[in-house]
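First comes the structure, then the notes that go with it.
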Amino acid sequence: MKQRLLFLGPPGAGKGTQAERLAASCGLLHLSTGDLLRAEVAAGTDLGREAEAVMARGELVSDGLVLAIVRSRLEGHSGGWLLDGFPRNLVQAEALNTLLEDLDQQIELVVLMELDDDLLIQRLLGRGRADDNEAVIRHRLEVYRQQTEPLISYYRQRQLLEAIEASGSVEAIAERILVLVG
Ligand code: AP5
Ligand code: MG
């Protein structure tokens, strides 16, 4: 079974939903940079204050800030992990490679979750997080297309990427992912 995983996909694809399930059933550390940033915002830390407005606009928080969060959690963790919503651009992907070289670890699988825009928007409007209004959702999708989608060919070239259709029930999607994880 693969132990070092990335979940990639547009906002609303279900990365968090599936990552939480898989991490719990396989004993992996689930790192969602979005969740970690929201926790900083809720706690009113300096980091949270810096991130809050950027997140409300649906833009990406600075690479340095996000990298520090991920590094602090992967260092000193010896078991498997599942990164959800990170990396988000090529700079973060390269920085992750460097960090993993230092830790003598390797990514084993990148799961790309694909879903039509109308379904993504429908799901997010139904959820109602602070950044889930239609204008910000559309901007997050644009940011995804411009900054995150280049990671698809990046990881495909490295023969790490497997895509799944992220429609249907949570259980059906979980099954598709389990087949890839082995
Ligand atoms: P982040 O928290 O990562 O949000 P996102 O990418 O916009 O994705 P979501 O969390 O909205 O969607 P998801 O794919 O996890 O879907 P979910 O399972 O929740 O990022 C938020 C912000 O933080 C960014 O905009 C940025 O500012 C900042 N940030 C985060 N990481 C960063 C980074 N690395 N660098 C820089 N900035 C960063 O599901 C969505 C909804 O659909 C839920 O209500 C769920 O219940 C429902 N659902 C799930 N599966 C199904 C299903 N099969 N059928 C029906 N409904 C379903
Ligand atoms: Mg999420």
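The values are calculated or read from the model by the stated rules, or taken from the named source; none is laboratory data. All values derive from a computational prediction rather than experimental measurement. Don't worry about glycine lacking a Cβ; one is built from the backbone with ideal geometry, like all the others, and counts go over all protein chains shown. Please note that ligands, DNA and RNA were not included when accessible areas were found on the heavy atoms of the full protein model with its side chains. Shrake-Rupley method; radii C 1.70, N 1.55, O 1.52, S 1.80 Å.
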Choice from PRO150, PRO87, PRO11 with maximal GNM fluctuation in the chain (Cα, 10 Å cutoff): PRO150
Amide proton proximity set for SER32, modelled H, under 5 Å, gap of 5+: ASP84
Separation of alpha-carbon centers, region 114-176 and region 45-60, rounded to whole Å: 21 Å
Highest-fluctuation residue, ARG158, ARG123, ARG145 considered, GNM on the chain with Cα pairs under 10 Å: ARG158
Loop GluC sites (Glu not before Pro), region 68-121, which have at most 14 other Cβ atoms in a 10 Å radius of their Cβ (DSSP): GLU75
Per residue, in Å², the accessible surface of the chain once ligands and nucleic acids are set aside, probe 1.4 Å: 50 Å²
Computed log₁₀ I(q)/I(0) - Debye formula, equal Cα scatterers, no solvent, region 12-105, q 0.19, 0.20 Å⁻¹: -0.98, -1.08
Gaussian network model of the chain, springs between alpha carbon atoms under 10 Å - residue of GLY80, GLY34, GLY128 with greatest fluctuation: GLY128
The chain - convex hull of the alpha-carbon atoms, volume per residue in Å³: 113 Å³
Amide hydrogen neighbours beyond the local backbone of TRP81, cut-off 5 Å, H modeled: ARG4, LEU5, LEU29
Region 98-175 - convex hull of the alpha-carbon atoms, volume per residue in Å³: 140 Å³
Neighbourhood charge, 12 Å Cβ-Cβ cut-off, centred on LYS2 and excluding it, Lys, Arg +1 and Asp, Glu -1: -1
Over the chain, relative contact order from alpha-carbon pairs under 8 Å, at least 6 apart, %: 35 percent
